[in-house]
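S.K.: Sending over a structure as structure tokens; questions will come in a sec.
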Amino acid sequence: MNWNDILLGVWPVFVQGLFLSLGLIVAIGAQNAFVLRQGLRREHVGSVVAFCAVADALLITAGVFGMAQALGERPVLARALALGGAAFLAVYGWRAIQRARQTSALDVTSTGQGLGLGAALAQAAAFTLLNPHVYLDTVLLVGSIGAQQPSSMQGWFAAGASSASLLWFSALGFGARWLAPWFARPRAWQVLDALIGVTMWVLSALLLHHVLSSP
């Protein structure tokens, strides 16, 4: 595979997975607050970041390839899920735009008792795996959209989506000292939500175009 093939084929699929995943995980929530607090305390940051990123990568990969296999012989169901995914992204984008009109901030205080490695990983697991939205986002939504890609590109889509988790959690954990004051500002989240909203609308339009242009 030459560089032209990468730019014209692999790279757009990778970037689509990257931005879709980023749009879903960049939000005010318990998991992000926990990773940020561990970064502020400088406690087991690498382990917590690695756990969250690997867990997301496993769920995303299982979703993409599992959904691809499940939908491989069911084109009508695949089309219906793709249309549902486009509608979900459009609504998600609208809700992000609505959030951008409000003022809210992430509580980034680092007070509280320190955690041992086992306790930190247990909390990371709880925030990651006990949240039902993580399965909706990674397995069903990302998985069904990734399954729409050609079979040779599904791995690149999953890699892009997984990279988003690694980049985001690494930034939260290792950049906590620099990011904490920024995330404490409501204006910062308003800008982020606005960008997420526009991104989700673009992805929704691309997915809808893919569905309508498919034979």
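S.K.: Going by what's in this entry, would residue 46 be described as loosely packed, with under 15 Cβ neighbours inside 10 Å, modelled with pLDDT of 85 or more and assigned to a helix (DSSP H, G or I)?
M.R.: yes
S.K.: Moving on. Which residue is modelled with the lowest pLDDT, if the candidates are limited to the range 99-129 and must be more than 28 Å from residue 50 (Cβ to Cβ) and open to solvent by less than 60 Å² (accessible area, probe 1.4 Å)?
M.R.: If we take residues in the range 99-129 being more than 28 Å from residue 50 (Cβ to Cβ) and open to solvent by less than 60 Å² (accessible area, probe 1.4 Å), then 104 is modelled with the lowest pLDDT.
S.K.: Turning to a different aspect of this structure: Answer with yes or no whether residue 62 is over 27 Å from residue 198 (Cα atoms), modelled with pLDDT of 80 or more, not in a loop (DSSP other than H, G, I, E, B) and not charged (D, E, K, R).
M.R.: Here the answer is yes, as residue 62 does meet what is asked.
S.K.: Can you spot a residue in the range 69-78 that is in a helix (DSSP H, G or I), open to solvent by less than 20 Å² (accessible area, probe 1.4 Å), in contact (Cβ under 8 Å) with a residue 60 or more places away in the chain and under 23 Å from residue 156 (Cα atoms)?
M.R.: Yes, the conditions are met somewhere in the range 69-78.
S.K.: I'd like to verify a number: residues in the range 189-199 that are free of Cβ contacts under 8 Å to residues at least 40 places away in the same chain and open to solvent by less than 50 Å² (accessible area, probe 1.4 Å), how many?
M.R.: Narrowing the range 189-199 to residues free of Cβ contacts under 8 Å to residues at least 40 places away in the same chain: 195.
Pick out the ones that are also open to solvent by less than 50 Å² (accessible area, probe 1.4 Å) and you get none.
Number of matching residues: 0.
S.K.: Taking into account only those residues within the range 168-188 that are basic (Lys, Arg) and farther than 18 Å from residue 49 by Cβ, which is least open to solvent (accessible area, probe 1.4 Å)? Please lay out each step first, then the result.
M.R.: Within the range 168-188, the first condition is being basic (Lys, Arg), and the residues that meet it are 177, 185, 187.
Next, from what is left, pick out any that are farther than 18 Å from residue 49 by Cβ: 185, 187.
Values: 185: 136, 187: 161 Å².
Across the range 168-188, the extreme among qualifying residues is 185.
S.K.: Looking at (1) modelled with pLDDT of 80 or more; (2) crowded, with 17+ Cβ neighbours inside 10 Å, can you tell me which one residue 202 breaks?
M.R.: Answer for residue 202: the failing condition is (2).
S.K.: Pick out the one residue from 213, 151, 144 that is farther than 25 Å from residue 91 by Cβ and either among the polar types (S, T, N, Q) or in contact with a Lys or Arg (Cβ under 6 Å, 6 or more places away or on another chain) (or both).
M.R.: Result of the check over 213, 151, 144: 151.
S.K.: Right, here's the next one. Would you point out the residue of the range 54-66, among those that are under 15 Å from the mean Cα position of the chain (by Cα) and open to solvent by 10 Å² or more (accessible area, probe 1.4 Å), that is farthest from residue 138 (Cα to Cα)?
M.R.: Residue satisfying both the conditions and the ranking: 54.
The values are calculated or read from the model by the stated rules, or taken from the named source; none is laboratory data. Small disclaimer: the values here were computed from a predicted structure and weren't measured. Note: ideal-geometry Cβ built from the backbone for every residue, glycine included; neighbour counts use all protein chains shown. The protein model used for the area step is the full one, side chains on, heavy atoms only, and it has no ligands, DNA or RNA in it. Shrake-Rupley method; radii C 1.70, N 1.55, O 1.52, S 1.80 Å.
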